[in-house]
Amino acid sequence: MTTLEDPTRTVIGEGVDRVDAPLKTTGAAHYPNDYTYPGMVHAALVGSTIAAGRIRSIDASEAQRAPGVLTVITHLTAPQLERGPMTLLGPSPPAPMQDDRILHYGQHIAVVVADSPEQARHAASLVNVEYEPAEALLDIEDPRAEILENPWGLDSERGDVSAGFAQADVVVDERYTTPDNTNNPLGLFTSIASWHGDSVTVHDSTQWPHNVRTSIAQIFRIPESGVRVLAPFVGGGFGAGLRVWCHTILTAMAAREVKRPVKLVLTRPQMFTSVGHRPNSVQHIKIGATSSGDLTAIEHRAISSVAMEDDDYEPVAAGSAVAYECPNLLTHDRQARLNIPCPGSMRAPAEGQGNFALESAIDEVAHALGMDPLELRLRNYAEQHPVLGLPWSSKALRECYTLGAERFGWSRRTPAIGSMRDGDWLVGYGLAGVSYPFYQVPCQARASLRRDGSAYVTSAATDIGTGTYTVMTQLAAECLGLDLNRVRFDLGDSDMPYSPQAGGSGLTGALANAVHMACGNLVREFLDIVRDDDASPLRGAAAEEVTASGGRLHRTDAPDQGEAYTDILNRHGLEELSADGRSTPPDPQKIGMATAGAFGAKFVEVRIDPQLGLLRVARVVSAIDGGRILNEKTASSQITGGTVGGISQAMFEETATDAGTGRIANATFGDYLMPVNADIPDMEVIFCGGPDRATTVGTKGVGEVGLVGMAAAIGNAIHHATGRRLRSLPFTIDQLLL
Amino acid sequence: MKHVDTPTRPGEATSEIPDVEVTLNVNGDPYRMRLDSRVTLLDALRDHLGLTGAKKGCDQGACGACTVLVDGKRIVSCLALAAQYDGREITTLEGLTDDGEPHPLQKAFARHDAFQCGYCTPGQIMSAVSLQAEGRAGTDADICEFMSGNICRCGAYPNIRAAIRDVVSEANDASV
Ligand code: FES
Ligand code: FES
């Protein structure tokens with residue numbers, strides 16, 4: 001059968017244009033808020049203006065009388081709902097509007113439905129609420145906050161850290177902090193619900209249609225087969241679409257009550273309080289090394305914030321356990337419960353924060369030793385997985401460092417602080433290494449071949465900009481021996497075979513292996529049909545003896561002995577054939593390898609105007625080991641986009657919570673800073689390494705690794721240029737005025 | 001002339017907010033509409049005319065996703081009331097294709113992978129079209145600066161610039 005190693009095949013890896021590019025460039029790609037239904041009405045939300053306490057009274061009468069209003073639902077009138085299910089990512093958010101308690105600012109306390117969005121918004125402003133405020137816990141270091149110790153059981157300990165520090169010639173012991181960041185995908189999250197009896201169709205800005213299906217079914221006590229969730233295009237997510245948030249539930253609830261299709265579009269300010277955010281962190285990191293640059297001990301302790309009655313997966317310190325070969329190590333994670341909107345995954349959750357502390361502190365050690373920070377990293381390179389003690393299924397981080405350094409011109413770096421200048425600008429070079437964790441969960445796909453020889457492949461995944469449509473089309477074309485334009489890959493519909501979330505950089509691997517298997521099984525179906533067919537040159541052939549190419553199957557050792565898919569279908573009177581495939585993540589113990597995520601080395605040049613405190617990123621080289629790259633073009637875009645996210649984390653983003661009220665003080669695009677075109681230089685991406693050995697297709701996710709390391713690399717470059725060690729994100733002008 | 005009415009339910013007390021009559025000339029076609037006077041140009045296009053190419057990313061004039069051309073000049077349509085644009089010529093992304101043939105910028109965006117989720121793309125392309133007309137696409141520095149009103153949260157900026165550069169140099173080559 002066709003193998004992915006066949007050198008005559010060129011579809012895989014080629015930087016083909018996105019198959020959905022014609023739709024996206026003409027306005028024909030439909031995002032959730034582009035849909036409309038006959039008779040559709042519009043919902044608007046009322047949010048709490050306090051962060052803790054109770055609703056003493058809520059008066060909806062004026063809103064109810066406003067023009068066009070169909071209903072106003074509050075906790076007094078809302079049906080009783082159970083909490084959504086336990087998911088792969090932890091518990092669902094608590095059901096909305098079930099009682100009078102307020103746990104965070106912006107909590108949804110009423111939903112208004114009216115004929116038009118303008119009427120709904122206006123009526124929402126007429127709901128009168130009286131509160132009984134309580135003191136809100138808002139500070140991550142508030143001693144009254146409930147602390148969760150080791151919430152995910154991922155704390156690590158090896159060797160003896162005290163002994164390790166005792167052996168060290170140099171010890172760096174510092175406190176690093178990162179702020180709240182808000183995902184802010186550009187697409188305003190939208191839900192549309194349309195009920196027909198006990199069935200419901202839902203359009204949702206989700207990264208995981210099946211999760212929405214399961215949640216709606218459970219919460220409204222209807223069969224899953226009665227729920228259809230559609231998300232063919234999503235205006236970005238960056239993690240915000242991983243959970244089934246309250247606004248989706250409220251939309252379904254409202255639509256059921258008014259017996260009309262209901263659409264709810266969150267406002268931008270509501271995007272700051274309704275769909276998760278990267279929680280802030282305080283980290284203590286201590287690293288010891290001998291004068292020759294051998295790490296003797298690492299201790300990384302972190303705390304991040306979490307909501308009162310919800311959960312978030314954010315093991316900030318845990319990643320440090322696998323980054324370096326270091327005999328003595330301790331990582332410890334904690335969470336503090338606060339009156340804040342629930343945090344959630346944001347592109348490279350935990351890694352984005354933890355790597356900033358670790359890779360900055362490594363740079364501090366190098367500086368204290370007077371050693372090149374690249375050399376220090378190579379010297380302590382983890383050849384084996386430091387926790388599992390197994391060889392990696394793939395790791396080309398060394399190549400990332402060396403090729404990246406070469407491309408960047410790292411050797412031109414003069415180590416002395418402030419020693420590089422360009423006119424009035426101070427120039428700094430910085431670098432960081434990244435070991436992104438492996439994540440994969442089971443996935444399914446189905447492949448069909450039609451009478452005309454074209455193929456249709458599906459899975460209920462989402463393409464949030466990652467290129468899933470394109471790379472899966474390429475892969476299926478490759479496996480079935482078809483031209484790209486003879487294959488359609490479709491996704492974003494919960495009626496398709498099960499797919500996990502587009503998240504954790506795990507979808508491409510899981511889905512690619514499922515698609516690969518589905519295509520392989522489809523070829524087997526064809527061979528099955530001609531097993532005893534005297535008219536077929538493939539009679540009795542086994543899948544292993546056959547190659548798919550040019551719309552036909554032929555015996556690998558005799559290319560003229562074969563026939564087209566269409567011939568087989570025609571002769572046997574079949575309209576189409578289908579087959580399913582599924583993938584399960586490999587078990588490291590079984591395969592004797594530590595399953596590897598992506599690795600990366602980030603090289604950055606910054607320019608600083610010492611008089612004005614201006615900071616500019618001038619150049620970035622990202623050298624990435626992403627396993628097999630299915631499409632250079634879309635994979636590079638992922639890395640570039642991640643890098644922009646990393647620059648944003650380093651220099652721009654900070655969600656500001658008002659200390660007294662818990663109000664988000666900068667919940668608009670005017671106030672919440674993100675990079676614009678002029679902030680981002682042209683950047684280089686190089687891919688290193690080859691297919692990962694743990695799975696058939698050998699990809700490693702590249703959606704998040706690009707972000708990680710940027711904050712540290714920029715901080716390290718700032719130090720090189722100015723001698724200032726900035727340990728608190730974002731790096732703002734006031735920290736840079738010299 | 002096409003007529004589009006804001007739906008009102010029978011027996012519904014009419015809004016205290018007065019309706020307005022407005023004619024929008026969109027992509028060459030006139031549409032006579034009766035609208036709640038609060039309706040923005042963006043919502044008129046999207047919700048009333050079904051032209052969902054222009055996107056809503058903030059509804060506050062700060063992201064550029066809703067960029068359209070009015071009499072050839074770009075504006076953020078979320079900050080414009082439809083009623084103010086009576087009789088004006090409006091071009092949306094849907095109006096860029098010429099008899100099914102995509103505009104060179106639409107093709108260049110595809111070629112250079114100048115987007116990821118694609119949500120900012122309609123606004124980016126409309127801004128880029130305008131940029132050329134404004135004579136601000138000549139240098140990289142100009143492209144950076146004058147495309148900075150269009151946020152791309154996916155971070156496709158370098159490829160957006162490459163796509164614009166490509167079309168500008170093609171146009172220059174053609175005029176030599
Ligand atoms: S939606 Fe108009 S500028 Fe953002
Ligand atoms: S492509 Fe997603 S916001 Fe630009």
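Gyration tensor analysis over the Cα atoms of the protein assembly as shown returns equivalent ellipsoid semi-axes of 41, 37, 30 Å (largest first, whole Å).
Phi angles of segment A:318-327 translate, via the Karplus equation with coefficients 6.51, -1.76, 1.60 and θ = phi - 60°, into HN-Hα couplings of 4, x, 5, 5, 10, 6, 9, 6, 8, x Hz per residue; Gly and Pro are given as x.
Positive end of the dipole of chain A (Cβ unit charges, origin at the Cα centre): among A:GLY709, A:VAL111, A:PRO94, the Cα lying farthest that way belongs to A:VAL111.
Work out the charge dipole of segment A:327-463 with +1 on the Cβ of Lys and Arg and -1 on the Cβ of Asp and Glu about the Cα centre, then indicate which of A:ALA368, A:LEU390, A:ALA432 is farthest towards its positive end. It is A:LEU390. For the segment B:159-165, counting C-beta atoms of other chains within 10 Å of every residue's C-beta and taking the mean gives 2. The long axis of helix B:121-134 is offset from the longest Cα principal axis of chain B by roughly 70 degrees. The charge dipole of chain A, taken about its Cα centre with unit charges on the Cβ of Lys, Arg, Asp and Glu (plus for the first two, minus for the last two), comes to roughly 660 debye. The phi-based Karplus calculation (6.51 cos²θ - 1.76 cosθ + 1.60; θ = phi - 60°) puts the 3J(HN,Hα) values of segment A:566-580 at 5, 4, 5, 4, 4, 5, 9, x, 9, 7, 6, 10, 10, 8, 9 Hz, whole numbers, x for Gly and Pro.
Here segment B:104-175 exposes an accessible surface that is 52 percent carbon and sulfur, computed with a 1.4 Å probe and the other protein chains kept in place.
The B-A contact accounts for approximately 4500 Å² of buried accessible area, totalled over both chains at a 1.4 Å probe radius. Computed over segment A:1-145, the P(r) curve from all C-alpha pair distances, binned at 5 Å from the origin, holds 2, 8, 11, 12, 12, 12, 10, 8, 6, 5, 5, 4, 3, 1, 0 percent per bin. Work out, in µm²/s and without decimals, the Stokes-Einstein translational diffusion coefficient of segment B:52-156 at 25 °C, 0.890 mPa s, Rh from Kirkwood over C-alpha pairs. So the translational diffusion coefficient is about 175 µm²/s.
Working note: Karplus 6.51/-1.76/1.60 with θ = phi - 60° gives segment A:168-175 the couplings 6, 8, 10, 10, 9, 9, 9, 10 Hz, where Gly and Pro are set to x. A probe of 1.4 angstrom, applied to the heavy atoms of all protein chains, finds A:THR695 with accessible area near 20 square angstrom. Among the residues of A:670-676, the average count of other protein chain beta-carbon atoms within 10 Å of the residue beta-carbon is 4. Estimated from helices alone, the mean residue ellipticity of the protein assembly as shown at 222 nm is -7500 deg cm²/dmol (sum of -39500 (n - 2.57) over DSSP H runs with n ≥ 4, per residue). Taking only the C-alpha atoms of segment B:2-95, Rg followed by Dmax gives 13.0, 42 Å.
For segment A:414-547, the relative contact order works out to 25 percent when only alpha carbon pairs closer than 8 Å and six or more residues apart are counted. Note on B:86-96: average number of Cβ atoms from other chains within 10 Å of each residue's Cβ is 1. With distances taken between every two different alpha-carbon atoms, segment A:124-192 has a Kirkwood hydrodynamic radius of 19.1 Å. Among the listed pairs A:LYS286/A:LYS395; A:LYS286/A:LYS602; A:LYS395/A:LYS633; A:LYS633/B:LYS73; A:LYS24/A:LYS700; A:LYS395/B:LYS107, which have their C-alpha atoms separated by more than 31 angstrom in this model? Going by Cα-Cα distance, A:LYS633/B:LYS73; A:LYS395/B:LYS107 fall outside the 31 Å limit. Rg over Rh for chain B works out to 1.03, using Cα positions for both radii and the Kirkwood form for Rh. Its relative contact order, with pairs defined as Cα atoms under 8 Å and 6+ residues apart, puts chain A at 16 percent.
The relative contact order of segment B:2-95, computed from alpha carbon pairs under 8 Å that lie at least 6 residues apart in sequence, is 32 percent. Need one number: the % of Cα-Cα pairs in segment B:104-175 sitting beyond the 14 Å mark. Here the tail beyond 14 Å accounts for 52 percent of pairs. Annotation: average projected area of segment A:579-679 is 12.9 square nanometres, based on the convex hull of Cα atoms across all directions. The residues of chain A expose, per residue, 34 Å² of accessible area to a 1.4 Å probe.
The values are calculated or read from the model by the stated rules, or taken from the named source; none is laboratory data. On a predicted model such as this, the values are computed, not experimentally measured, just so you know. A quick note on method: Cβ atoms are made from the backbone with ideal geometry, for glycine too, and the neighbour counts reach across all protein chains shown. Protein only, heavy atoms only, side chains kept; ligands, DNA and RNA dropped before computing areas. Shrake-Rupley method; radii C 1.70, N 1.55, O 1.52, S 1.80 Å.
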